[in-house]
Amino acid sequence: MSVRVLRRFRCAHVFRCRSYRPTLAALAAFGFVGCGGSTEPETLAALPEARFVGSATCADCHAAEVDAWSGSHHAAAMQPASRDTVLGDFDDATFRYYDVESRFFTRDDSYRVITDGPSGALEEYEIAYTFGVYPLQQYLVALDGGRLQPLTIAWDARPVEDGGHRWFHLYPDEFIAHDDPLHWTGPELNWNYMCAECHSTNLEKNFDRGSRTFDTTWSEVNVGCEGCHGPASRHLALAEAGELERGNGLSVDLDDTGGAVWEMNAATGIAERSRVRLRAPRQADACGRCHSRRSQIAAAYEFGRSLLDTHLPALLDDGLYFADGQIRDEVYVWGSFLQSRMYEAGVSCTDCHDPHTAALKTGSEASGVCATCHLRSRFDTREHHHHADGDVDCVDCHMASRNYMQIDGRRDHSFRVPRPDLTASTGAPNACGQCHPAQGPEWADAVLRNWFGPARSPHFAAAIHAGRTRGARANALLVAAADDPTQPGIARGTALSLLAWPLDTAAARAIRAGLGSGDPLIRLGAARALRSAPADIRLQWASSLLDDPLLALRLEAVGVLLPLRSSMPGESFASFAEAENEYLAAQLVNAERPEAYTNLGGMFLARGDVPRAERSFRTALDIQPLATPARVNLADLYRQLSRDEDAQALLEEGLALDPDNGALRHALGLLLVRQQETEAALAELERAAELDPDNPRYAYVYGVGLNSIGETDAAIAVLERARQSFDGDFDIGWALVTTLRDAGRSDDARIAAESLRQQFPDNPDVAALLDTLTD
């Protein structure tokens, strides 16, 4: 059984925005009008600490807004299961998923299901809550330890004529057994961790580490008014006292207009803001808390603070986004919107979406909302879109859709121009292909060139693709993308994060510049580039982030510096120690997860506390036996303690659970090398390279291993294939040159060395190696 967990579940989170720019996908918009700026400090000082009072209280003064909200998806995000909330067929309906037949029925006014439980046997469960409303509705079941778990059999709430009104499984193409982490009873579908923060208001997870149980609470079961505006008791007190002129008492001002309106520019046909923003927008952080891919790093969310103070963002990571930044996994549109020209121009969520219903302001016609800022006479014409009148909407070309959870279509909010040329070069999809799949990207590119000419704007896709695949001139392309101020910050940060060491002068300069950028996503990418840097570089460069104003950046710096803790210079150690304590607290925020204890194990190991490190790794494996990083790190700890037998048993135990795990095969191969069991070691290293062909390190180690036992020809063949796949990988290139040289194949070695010099022209080691080959 392989672990597919992190890429397949819908609610793995992560994200934030660039500084001083509008952000977030419009779908996130909710609850922003009617209550503006926050109260002055001296006024607030006289009021009690803000607390949550409930949406019903808001209705007394804001009846229209609450009425609009009551029919929204936010209001239906989570509800107790009842006749008024359950949409699914519980009239003794059955659904078969492979060999498991589940039955949905009612008893004594409760909704129930008989389905496969944690042992695999059929068991009866009561439905506690509905989860979502359209286009699908899921159902939550209360299990032991305070856990709520969503069934992976969901109700298709669409009309019958659209294929709906039926039960369906979220993973129809593969059988999810009871011992799979993605089984509905498993850890990867745990509501308390994966979903709760964003479906209820004032959510407190309340996980007890001793008993490993939850006592999760909320002030409102759904996303209420205060889910966006923050606790409203101070606002209520001022309103009741008739003192709102002193300030409104809310924690955050969500009015991003700043008094500006959108004025049409007749020359361009595109509206522009009537005035420049004088402060950073707030909707981005408010919406980004949930409409993004991010992980929680602070126990308490504080309204009005930067999201990076409470959550850790994902960049345009492989598996989440295509190389050109289009949505791939379910990323909740925020990271897409950061890439758009709309975002750059100052558009906020509520410019397109009603803040309380979250629906488009112009109704169901998507092109209608586009036309509020883009003249129809200029853009809804055959001259612009080259299709027959009425054949296409704006979103068909500029907001391609992708389905998640089988039937839930999400539109990409980067508002991009179709680029089939990037499909051909990077494999990213394009909008043309959604309507013309048979013709292919080359055809689509030729058509677009005929319509609009051959010019193409610079795009970061080639750099991201090269960085992911270690392609030719990867670092040079990544530096160019990172240095380009016309590219979005999230892309520039991603480019920096993909830089591979050793660096040339330009790449080193780009990282240094990135660490000092005013854009936190660029700083984040630069910090991640330091993870594989030499020790002296990490100590010098990462230390600057230990005092960063944003928690996410301080935690990233700690992660980079932890292995070097004992070498920290005295002038930096105080800042490091303070940030390290924050790092510990951040892990405990998600203490129910194996990743938290894996990170803690690394921290305690850096501190020299071996017993606590071992206990942490063991706890991670107790929580999830398939936690590969914990298993590999614990095996390495045993190696350091000369406990090779324990290390081998640990890795073999993991492989018994997951035989096709390349990381475990690789770790076992390295262990066997140290034990001088060469034949068995090479078999494991070869298998690891086969199982994970996208990992250049595995191919490199296998090739070096073959050469070390005299299998030179086989080693050269492996390294040459790896060089073709990962043309920009320094270690593979170096190993190939030296192996060819030592085999007496000087001419081939010189050719390979010249290729390596083209990739790393400033590297003195490459120049010296080439000199030895040309003497």
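Values computed for the structure shown
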| read-out | value |
| --- | --- |
| Spans of strands (runs of 3 or more DSSP E) in region 135-183 with at least 2 residues under 23 Å from residue 196 (Cα atoms), without any contact (Cβ under 8 Å) to a residue 40 or more places away in the chain and out of contact with any Lys or Arg (no Cβ under 6 Å at 6 or more places or on another chain) | 136-142 |
| Test for residue 551: is it touching a residue at least 60 places away in the same chain (Cβ under 8 Å) and buried (at least 17 other Cβ atoms within 10 Å of the Cβ) | yes |
| Breaking point among (1) open to solvent by less than 80 Å² (accessible area, probe 1.4 Å); (2) modelled with pLDDT of 95 or more; (3) charged (D, E, K, R), for residue 40 | (2) |
| Residue 478 being out of contact with any Leu (no Cβ under 8 Å at 6 or more places or on another chain) and surrounded by 15 or more Cβ atoms within 10 Å (Cβ to Cβ) | no |
| For residue 16: the one exception among (1) at pLDDT below 50; (2) basic (Lys, Arg); (3) in a loop (DSSP other than H, G, I, E, B); (4) open to solvent by 70 Å² or more (accessible area, probe 1.4 Å) | (4) |
| Residue that is surrounded by the fewest Cβ atoms within 10 Å (Cβ to Cβ) [pool: residues in region 404-425 that are in a loop (DSSP other than H, G, I, E, B) and under 23 Å from the mean Cα position of the chain (by Cα)] | 406 |
| Per-region count, region 720-764, residues within 37 Å of the chain's Cα centre (by Cα) and of a type in the set (D, E, K, R) | 8 |
| Strands (runs of 3 or more DSSP E) within region 255-330 that include 3 or more residues open to solvent by less than 60 Å² (accessible area, probe 1.4 Å) and not acidic (Asp, Glu) | 294-296, 311-313 |
| Pairs, first without any contact (Cβ under 8 Å) to a residue 12 or more places away in the chain and within 26 Å of residue 355 (Cβ to Cβ) in region 70-88, second crowded, with 20+ Cβ neighbours inside 10 Å and of a type in the set (Ser, Thr, Tyr), C-beta under 9 Å, six or more apart | 70/55 |
| Unmet criterion (only one of (1) surrounded by fewer than 20 Cβ atoms within 10 Å (Cβ to Cβ); (2) touching a Lys or Arg at 6+ places or on another chain (Cβ under 9 Å); (3) in contact (Cβ under 8 Å) with a residue 24 or more places away in the chain; (4) under 27 Å from residue 557 (Cβ atoms)) for residue 504 | (2) |
| Residues that are small (Gly, Ala, Ser) and either in a helix (DSSP H, G or I) or open to solvent by 20 Å² or more (accessible area, probe 1.4 Å) (or both), drawn from region 217-252 | 219, 227, 233, 237, 239, 241, 242, 251 |
| Positions within region 228-265 being aliphatic (A, V, I, L, M) and touching a residue at least 12 places away in the same chain (Cβ under 8 Å), in sequence order | 232, 236, 237, 238, 239, 250, 252, 254, 260, 261, 264 |
| Hits in region 645-700 - residues which are open to solvent by less than 40 Å² (accessible area, probe 1.4 Å) and aromatic (Phe, Trp, Tyr) | 698 |
| Checklist (1) on the phi > 0 side of the Ramachandran plot; (2) under 33 Å from the mean Cα position of the chain (by Cα) applied to residue 92, failing item | (2) |
| Check on residue 592, touching a strand residue (DSSP E or B) at 6+ places or on another chain (Cβ under 6 Å) and either in a helix (DSSP H, G or I) or crowded, with 20+ Cβ neighbours inside 10 Å (or both) | yes |
| Candidate set from region 514-564 (those that are assigned to a loop (DSSP other than H, G, I, E, B) and aliphatic (A, V, I, L, M)); member that is modelled with the highest pLDDT | 550 |
| Region 426-439, residues that are closer than 22 Å to residue 460 by Cα, of a type outside the set (Ser, Thr, Tyr) and surrounded by 15 or more Cβ atoms within 10 Å (Cβ to Cβ) | 428, 429, 430, 431, 432, 433 |
| Pick from region 169-206, criterion open to solvent by less than 50 Å² (accessible area, probe 1.4 Å) and of a type in the set (Phe, Trp, Tyr), ranking: farthest from residue 96 (Cα to Cα) | 191 |
| Where a residue in region 366-383 is small (Gly, Ala, Ser) and its partner, wherever it lies, is open to solvent by 50 Å² or more (accessible area, probe 1.4 Å), with Cβ under 6 Å and at least six apart | 366/393; 367/393; 368/362 |
| Number of positions in region 485-510 that are in a loop (DSSP other than H, G, I, E, B), more than 16 Å from residue 534 (Cβ to Cβ) and in contact with a helix residue (DSSP H, G or I) (Cβ under 7 Å, 6 or more places away or on another chain) | 2 |
| Cβ-Cβ under 9 Å pairs, at least 6 apart or on other chains, region 611-622 side over 11 Å from residue 600 (Cβ atoms), far side among the aromatic types (Phe, Trp, Tyr) and buried (at least 17 other Cβ atoms within 10 Å of the Cβ) | 611/604; 614/604; 614/638; 618/597; 621/597; 622/597 |
| Options 636, 660; residue that is in contact (Cβ under 8 Å) with a residue 12 or more places away in the chain, of a type in the set (D, E, K, R) and assigned to a helix (DSSP H, G or I) | 636 |
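The values are calculated or read from the model by the stated rules, or taken from the named source; none is laboratory data. Predicted, not measured: the structure shown is a model, and the values here were computed from it. Virtual Cβ from ideal backbone geometry, glycine too; neighbours counted across all protein chains shown. Remember, those area values only see protein heavy atoms, side chains included, never the ligands or the DNA or RNA. Shrake-Rupley method; radii C 1.70, N 1.55, O 1.52, S 1.80 Å.
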